[in-house]
Amino acid sequence: LKFIFGPSAVPALDLVDQRSVTRVTSPSGRTAYQVLGSSGKLYTCYSSCHFCTCPAFGFIVLQKSESLLCKHILAVYLSQAMGACQELSVSEEQLTSILLAEEEDEG
């Protein structure tokens with residue numbers, strides 16, 4: 001994994017081992033992932049469009065194009081493959097609140 005994903009591999013595996021990935025689903029079937037980062041901050045990841053709200057994703061992936069993903073997205077993909085995601089069912093309003101809270105943090 002380290003050969004393919006570089007320096008994100010080991011930290012992503014640590015996040016999986018710590019069960020830091022939670023799949024958040026609403027009754028309509030909308031899904032997002034929340035990953036508790038090593039810094040203690042909660043990041044929202046969207047595997048369907050390959051996006052994370054962490055600063056590393058914005059800088060390393062989007063601005064510098066040095067990597068295809070951050071450790072949080074890799075942790076989501078690994079957790080999905082291993083069946084290691086925590087599960088959280090929320091209402092549509094709660095999911096909207098989670099998504100809007102991320103926008104407010106960024107803006």
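The values are calculated or read from the model by the stated rules, or taken from the named source; none is laboratory data. Bear in mind that the values here come from a model prediction, so they are computed numbers and not experimental data. With ideal geometry, Cβ positions are generated from the backbone for all residues, glycine too; neighbour counts draw on all protein chains shown. Accessible surface is based on the protein model in full, side chains and every heavy atom, while ligands, DNA and RNA are left aside. Shrake-Rupley method; radii C 1.70, N 1.55, O 1.52, S 1.80 Å.
Numerical summary
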quantity: Residues with amide H under 5 Å from that of Gln86, placed H, sequence gap 5 or more; calculated: Val21, Thr22, Arg23
quantity: Trypsin sites (Lys or Arg not before Pro) within segment 20-107: DSSP coil, no more than 15 neighbouring Cβ in 10 Å; calculated: Arg30, Lys41, Lys64
quantity: Average accessible surface area per residue within the chain, 1.4 Å rolling probe, Å²; calculated: 59
quantity: Computed [θ] at 222 nm, deg cm²/dmol, the chain (DSSP H ≥ 4; -39,500 (n - 2.57); rounded to nearest 500); calculated: -11000 deg cm²/dmol
quantity: Phi-based couplings in Hz for segment 3-10 (Karplus 6.51, -1.76, 1.60; Gly and Pro marked x); calculated: 5, 7, 9, x, x, 7, 5, 5
quantity: Rounded percent of accessible protein surface that carbon and sulfur make up, the chain, 1.4 Å probe; calculated: 57
quantity: Sparsely packed GluC sites (Glu not before Pro) within segment 1-95, loop by DSSP, other Cβ within 10 Å at most 12; calculated: Glu66
quantity: Principal axes of the chain: Cα extent on each, largest first, Å; calculated: 40, 33, 24
quantity: Amide hydrogen neighbours beyond the local backbone of Cys45, cut-off 5 Å, H modeled; calculated: Tyr33, Gln34, Val35
quantity: Relative contact order (%) - criterion: Cα under 8 Å, at least six apart; region: segment 6-90; calculated: 38
quantity: Segment 1-41 and segment 45-100: distance between their alpha carbon centers, rounded to Å; calculated: 7
